[in-house]
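Some notes on the structure that comes next.
The values are calculated or read from the model by the stated rules, or taken from the named source; none is laboratory data. Since we're looking at a predicted model, the values are computed, not measured. Cβ placement follows ideal geometry from the backbone for every residue including glycine, while neighbour counts extend to all protein chains displayed. All accessible areas refer to the heavy atoms of the entire protein, side chains included, with ligands and DNA or RNA removed. Shrake-Rupley method; radii C 1.70, N 1.55, O 1.52, S 1.80 Å.
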Amino acid sequence: MTKLAIIGGSGLTQLDGLEIIDEINPDTQWGKPSAAIIVGKFNNNEILFLPRHGNPHTIPPHKINYRANIQALKDADVSEIIAVNAVGGITQEMTPCRIVIPDQLIDFTHGRIDTFYEDNLKEVVHIDFTSPYSESLRQQLINAANINNIDIYPTGTYAVTQGPRLETAAEIIKYEKDGCDIVGMTSMPEASLARELEMKYVCCSLVVNWAAGKTDEIITMDIIENNLKEGMGKVMTLLSALFHERQ
Ligand code: HPA
């Protein structure tokens, strides 16, 4: 049976409606994951839940031990990951509180440990990463949204930035010229590490602000938190719909 995990991001440290069965505290060869992994039932589906920023939310994006998180899920027999993350909207359709299911990414991070394949190798490994997100999981989310009339945007290119600061207006102009639609800090190296361990990985991205320079407004934590509160309700509705369809 396929085991599915949800990695929660900002605004999703706990999963409301998750009936907790167990909690595991794994230690991997790469260290400990961000928090205990919750094993539970969500809409009658057994799932695992891991908050990537810790519980409470204290680990910034560039300090997350992404290898430990992905390895811990692999060791728990997870084969599918839905990664929830908060992002800024760059292109016109990427309005605050909208859910986007990206189909591409560009990695602008630096200095993050981003591979399992560096030491003690029998051979050099290069994974195919043409399509960084699992198309089958993407389609499941898109179908669940369509069937249940949940507004989502079904494609988009995710610019993954280093953070923790937000971007300059000039950086956002550059990312837009590069073809990016949304900007966030966590989809890399999560996506490529999952691919290295042959796990399906998809992002469910919630737009929580217009990206830098897209409005005259300064981006405040208040704006982000208000949109997170409103939008996470939609994310939960989408996840419930997905699990309903998967039964
Ligand atoms: N930029 C980068 N990451 C983000 C943003 C943003 O504007 N909003 C939420 N996460």
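Normalised per residue, the accessible area of the chain is 47 Å², obtained with a 1.4 Å probe and no contribution from ligands, DNA or RNA.
Longest segment of the chain with no chymotrypsin sites (Phe, Trp or Tyr not before Pro) in a DSSP loop having at most 15 other Cβ atoms within 10 Å? Result, exposed sites excluded: 130-247.
Counting lysine pairs in the chain that sit 8 or more residues apart in sequence, or on different chains, and whose Cα atoms lie under 17 Å apart gives 8. From the Kirkwood radius over Cα pairs of segment 158-247, Stokes-Einstein at 25 °C and 0.890 mPa s returns a whole-number translational diffusion coefficient of 163 µm²/s.
For segment 105-177, go through all pairs of different Cα atoms, get the mean of 1/r, take its inverse, and jot down that Kirkwood value in Å.
15.8 Å
Here is the list for segment 67-160: trypsin sites (Lys or Arg not before Pro) lying in DSSP coil, each with at most 15 other C-beta atoms within 10 angstrom of its C-beta, are 122.
Assuming charge only on the beta carbon of Lys and Arg (+1) and of Asp and Glu (-1), the dipole of segment 1-135 about its Cα centre is about 380 debye to the nearest 20. Here the chain is assigned +1 on the Cβ of each Lys and Arg and -1 on the Cβ of each Asp and Glu. Its dipole about the Cα centre then comes out at about 120 debye. Each principal axis of the Cα atoms in segment 65-211 has its own extent, and those three values, largest first, are 47, 39, 23 angstrom. A helix-only calculation puts the chain at -9000 deg cm²/dmol for mean residue ellipticity at 222 nm, using -39500 (n - 2.57) for each DSSP H run of at least four residues, averaged over all residues. Of the accessible area of segment 4-246, computed with a 1.4 Å probe over protein heavy atoms only, carbon and sulfur atoms account for 48 percent. Per residue, the convex hull spanned by the alpha carbons of the chain comes to 122 Å³.
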